[in-house]
1. Output the number of residues of the range A:1-18 satisfying the condition of being closer than 23 Å to A:ASP214 by Cα and either within 14 Å of ligand 1 (Cβ to nearest atom) or surrounded by 15 or more Cβ atoms within 10 Å (Cβ to Cβ) (or both).
2. With the requirement that a residue be over 30 Å from A:GLN82 (Cβ atoms) and within 11 Å of chain A (Cβ to nearest Cβ), what does the range B:152-182 give you?
3. From the list B:GLY199, B:GLY185, pick out the single residue that is closer than 25 Å to A:VAL87 by Cα, in a loop (DSSP other than H, G, I, E, B) and within 14 Å of chain A (Cβ to nearest Cβ).
4. Output the number of the condition that B:HIS150 fails; it satisfies all remaining conditions of (1) open to solvent by less than 70 Å² (accessible area, probe 1.4 Å); (2) away from ligand 1 (no atom under 16 Å from the Cβ).
5. Please verify whether A:GLU32 is in a loop (DSSP other than H, G, I, E, B), within 13 Å of ligand 1 (Cβ to nearest atom), closer than 25 Å to A:TYR212 by Cβ and of a type in the set (Asp, Glu), treating the condition exactly as stated.
6. Quick one: which of A:VAL21, A:VAL50, A:VAL87 is away from ligand 1 (no atom under 11 Å from the Cβ) and either modelled with pLDDT of 95 or more or in the same structural domain as A:HIS208 (by TED's automatic domain parsing) (or both)?
7. Against the condition within 13 Å of another protein chain (Cβ to nearest Cβ), away from ligand 2 (no atom under 16 Å from the Cβ) and open to solvent by 60 Å² or more (accessible area, probe 1.4 Å), how does A:LYS112 come out, does it pass?
8. Of all residues in the range A:77-101, which are among the β-branched types (Val, Ile, Thr) and away from every other protein chain (no Cβ under 13 Å)?
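The values are calculated or read from the model by the stated rules, or taken from the named source; none is laboratory data. Predicted, not measured: the structure shown is a model, and the values here were computed from it. Every residue, glycine as well, gets a Cβ built from its backbone with ideal geometry; the counts of neighbours run over all protein chains shown. Protein only, heavy atoms only, side chains kept; ligands, DNA and RNA dropped before computing areas. Shrake-Rupley method; radii C 1.70, N 1.55, O 1.52, S 1.80 Å.
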Amino acid sequence: MPIAFKDVSHIYNADSPFSYVALDHIDLEIAEGSITAIIGETGSGKSTLVQHLNALLLPTQGELQVLDQCIDSKQKPKNLKQLRKNVGLVFQFPEYQLFEETIIKDVCFGPKNFGVQEEEAIQRAKEILKVCGLDDSYLEKSPFDLSGGQKRRVAIAGILAMDPSVLVLDEPTAGLDPQGAKEMMELFVQMNRVYHKTVLIVTHDMEHVLSYCDQVVVIRDGHMERACGVKEFFSDIRLLRELRINPPAVIQLRERLRSEGFAIDPSIIDIKQLAEAVASEVKHHE
Amino acid sequence: MNNIALGRYLPLDSVIHRMDPRAKIGAMLLLMIAIFIPAGYTGYMVIGVAVVLAALLAKLKFSFLWRSMKPMLFMLVFLLIINILIVKEGFVILQIGSFAVYSEAIMQTLYIVIRLMLMIMITTILTATTKPLDLTLGIEDLLKPFQVIHVPSHEIAMIISLALRFIPTLIEETQRIMKAQASRGVDMEEGSLKEKVMGILSLIVPLFVSAFQRADELANAMEARGYIPNKKRTRYKQLKMAGKDYILLLISVCILAFMISIQLDILPFTVDWI
Ligand SMILES: Nc1ncnc2c1ncn2[C@@H]1O[C@H](COP(=O)(O)OP(=O)(O)O)[C@@H](O)[C@H]1O
Ligand SMILES: [Mg+2]
């Protein structure tokens, strides 16, 4: 298990009149090499949860195991720098963290902080920028001259260039156009499939969860409501309703057909399988 | 960051809270002037008693006032060291080898500390008992007479209220960017000087960028809602001075007069005990 939360609680402003329980006894394990979606309403504690992964926040109670390090309330892990390097955390709207004069310098900033030599950092940055869809003509441009979506790519490249083994993204597609969002999700899938990174994505987009993720973690008012596979999650229509989640189109179609009297397996989450099921059902009745 | 007491409004219900912001600002200015008059410890005793009474009336806890003074502690230590090194008057109170600490060094530090403490307490009482918005209304009204000499009182008040509005936003933004850069390996505690400078740069640049962006958006939003500087505007909230407000001002004027008379030595009795 590269990541395990053991009874983790986080209280903001503990011991003050403004104290607020943001995470409440979270037990959670994330399998190595998986893509996990973290979902929940705004204010449910998703960002708080992911900030524990590289010890930006320490648990008020409980402990978590991240890779080979243990994080608890008392102390920062001994090898904090190593942890931050291995767990790449991309904040929401990361384009606001760009600051260098040129894109290449900004992407090199992270690796250099972690002791990578100048030349190697530049080499890595170039490769990563290409993977992120920005060719060499961008290298010497100012990051502030780019469009919003491109800025975000640069910011994400800045984290990827650190070569983390766990990649954590807090609402990476918020505010992007559908095409841009799709490309971004495909980039993360590539990071998982080709570079074997464990990926955690905070998202509100159920289509993305269905198409790109393996596991789902549902956070609700600081509690962990559910952690399961994507297939199981989208089969549990009652849970979806209870969470007031707008299911992906395929699931909506499946449920519509089922309510119209089609005997369709509720664990189907794939449009092709759904079409086959409908066809066989129709044949059956002829 | 969330424990800052300096400048924070405390929503309580007290006589002081209900006073007119103009009276409170006026009293603060009068007392500030009084503090700057070098009237010796007698004068500061009088102001001190007045301030403590005001704090009691405002139902403020002394722990709160104390916290508002904490940021000053560093300055105090700094001041004390400088004074110990420089001031060589009075009698020796401590001898370490060939180095002597003189009584005047301590006394002068104490003198400045008392002044600073009084000033911070007065401003803290003002800001803790007055909503930021009322404060700006008060400032706007107090600046009105200066419009004859083209002081843009309304604009100044608007600028102040906007600045106050954005302080929490900027603090939040700062924390966010600090965390984001920490994720990229910025380490403000350890690391070489060059790394620290880069760390600060990686915080300041994004902060400015987003502040300018916000300012731009805010200006557009204000214009879209028909805000035009210099134009006459009506106001929903009208300020009214009442009896207690005049009493506050009267007391402040009396304290100032007392300080001036000590300084000019025109009191019928002597207070020269120090
Ligand atoms: N720095 C903070 N101080 C106090 N409360 C906070 C802080 N950050 C977040 N919170 C509170 O914790 C709760 C969870 O926040 P967050 O983790 O950002 O939620 P999400 O990312 O799911 O929208 C919210 O109610 C929020 O108001
Ligand atoms: Mg969030």
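1. Residues in the range A:1-18 being closer than 23 Å to A:ASP214 by Cα and either within 14 Å of ligand 1 (Cβ to nearest atom) or surrounded by 15 or more Cβ atoms within 10 Å (Cβ to Cβ) (or both): 5 in total.
2. Of everything in the range B:152-182, nothing turns out to be over 30 Å from A:GLN82 (Cβ atoms) and within 11 Å of chain A (Cβ to nearest Cβ).
3. B:GLY185
4. (1)
5. In short, no.
6. After applying the criteria, what remains is A:VAL87.
7. The answer is yes for A:LYS112.
8. Across the range A:77-101, there are no qualifying residues.
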